[in-house]
1. So, in region 148-176, of the ones that are away from ligand 2 (no atom under 16 Å from the Cβ), charged (D, E, K, R) and within 21 Å of T225 (Cβ to Cβ), which residue ends up modelled with the lowest pLDDT?
2. Quick one: which residue in K310, K314 is in a helix (DSSP H, G or I), more than 16 Å from ligand 2 (Cβ to nearest atom), at pLDDT 95 or above and over 29 Å from A388 (Cα atoms)?
3. As an exercise: evaluate V274 against (1) closer than 25 Å to A392 by Cβ; (2) among the β-branched types (V, I, T); (3) crowded, with 22+ Cβ neighbours inside 10 Å and give the number of the one condition it does not meet.
4. Among the residues of region 396-415, is any within 28 Å of N235 (Cα to Cα), in contact with a helix residue (DSSP H, G or I) (Cβ under 7 Å, 6 or more places away or on another chain) and outside any loop (DSSP other than H, G, I, E, B)?
5. Among E207, E184, which is the only one that is surrounded by 18 or more Cβ atoms within 10 Å (Cβ to Cβ), in contact with a Phe, Trp or Tyr (Cβ under 8 Å, 6 or more places away or on another chain) and among the acidic types (D, E)?
6. Please work out which residue is farthest from L376 (Cα to Cα), limiting yourself to region 333-347 and to residues that are under 24 Å from the mean Cα position of the chain (by Cα) and among the aromatic types (F, W, Y).
7. Would you confirm, using the coordinates I've provided, whether Y231 is modelled with pLDDT of 95 or more, closer than 28 Å to A391 by Cα and either within 14 Å of ligand 2 (Cβ to nearest atom) or surrounded by 15 or more Cβ atoms within 10 Å (Cβ to Cβ) (or both)?
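The values are calculated or read from the model by the stated rules, or taken from the named source; none is laboratory data. Because the structure is predicted, anything quoted here is derived from the model rather than measured. Note that we place each Cβ from the backbone using ideal geometry, even for glycine, and neighbour counts take in every protein chain shown.
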Amino acid sequence: MNIAVIGGGGREHALVRKFAESGSVNRVLAIPGNAGMSDVAEVIHGVTENDFEAIAGVCLEKDVEWVVVGPEAPLTEGIVDFLEDEHGIKVFGPRKKEAQMESSKAFTKELMEKYDIPTAKFAKFNDYDEAYEYIEAQGAPIVLKKDGLAAGKGVVVATDMDEALAGLDELMGEGTDDGQIVIEEYLDGEEFSLMVLVNEDYTHSFEMIAQDHKRAFDGDTGPNTGGMGAYAPVNHINESHRTEAVEKIIKPIARGMVQEGLKYFGVLYLGAMVTEDGVKVIEFNARFGDPEAQILLSMMDDDLAQVLEKVYRKEPLTLNWKPGCMVGIMLASEGYPKEYAKGKYVEFGNIADQSYISGLSQDMDGHFLTSGGRVLLVTGHGESVDQAVKAAYDNVAQVNFEDGDLFYRKDIAHRALKIK
Ligand code: AMP
Ligand code: GLY
């Protein structure tokens, strides 16, 4: 079969690599793909992920059987509805309505409330003054989230009142759009990411969890980002917490969606917090995590195309996982997640096969130049987490760039390293 992956970041790089390994896949297309994918996929330059008509044209012309959508933006804009309804193309990814699990925090919070899914207490606000009063009454720590997509950046986790009120100005103050915000109780604990394959009431939760590092700087400080590094498995988080997430969160939310008339098909990403009162939902996303996908798909020992077919047919599934541990370090443009410069040279030829490109393009001579905030995920594998961390940072040392062009966290997997 032929498969098209929509998107052009590191997660999509991992998806096309995985499909290229599959015995049942003839051609892999990447639309629009990126400069690192041409050895494993046919990169369709010039068709953006939001140009649904052009994407449909390519898929029909190239006899694509499955389209797999990587990023949230086209899902939220209805790419699945368009390709299925207008062109009869099979797509792995939720339709617009179901993608609200990610695109609307308020929608998802209400669903969780209705079906008794453990999550932080919350309130919604459209009015600045009312939000201000609520924050004053609740006190800090407190969490403010913009409703709608924000690439991991529309969230303020405020530890004191000054931060909370500054956060309110950032999300709702003068000069911002009129959107709604959700204000949440702060949950204390350790986070993990669980990827779940969902087809209405059918769910298969990955047996292996991952941990991302959302803050920009070492020690989990600085602003929230899309993710600065991840690793898997997370052996110090007990399997009982994963099972609890499956039984108390994943299965009931899938049943709840069905009862609401939602037909979810695709990956559901659970961002979970292990608190003193059990595992609670931080967020859902309507797609694979980035950089979790890079790590988990390289640890997965199965044919992903076959896996999708099984989910489509609602067949029982067991996934197999490679031994050891995989760690990924995100190299990002200096300044990210705020303003950053582009067009900086990066050289990583020696470790290209252990890296996933997030934001790099190529010049006429084939040299790589930065084109985004998150630039390159460099991985390392080892028998233990310590060895994997060392392998990953040894690989990072082989990447050449000018001082001050890129930065990365030096403490990826610190929670796992501290435990032993
Ligand atoms: P979200 O976009 O909802 O995933 O939020 C981004 C990050 O902010 C999460 O990965 C958490 O690290 C943090 N966060 C979000 N909500 C909460 C909460 N209620 N309590 C503590 N931390 C949170
Ligand atoms: N790494 C977090 C996310 O993909 O949202």
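1. Restricting to residues being away from ligand 2 (no atom under 16 Å from the Cβ), charged (D, E, K, R) and within 21 Å of T225 (Cβ to Cβ), the top hit is E170.
2. Values: K314 fails: in a helix (DSSP H, G or I).
Selected residue: K310, the only one of K310, K314 that is in a helix (DSSP H, G or I), more than 16 Å from ligand 2 (Cβ to nearest atom), at pLDDT 95 or above and over 29 Å from A388 (Cα atoms).
3. Only one criterion in (1) closer than 25 Å to A392 by Cβ; (2) among the β-branched types (V, I, T); (3) crowded, with 22+ Cβ neighbours inside 10 Å is unmet by V274, namely (3).
4. no
5. E184
6. Y340
7. Here the answer is yes, as Y231 does meet what is asked.
Yes/no per residue for (1) crowded, with 17+ Cβ neighbours inside 10 Å; (2) in contact with a helix residue (DSSP H, G or I) (Cβ under 9 Å, 6 or more places away or on another chain); (3) within 21 Å of F19 (Cα to Cα):
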site	(1), (2), (3)
E49	yes, yes, yes
D63	no, no, yes
G70	yes, yes, yes
F92	yes, yes, yes
R95	yes, yes, no
K109	yes, no, no
K114	no, yes, no
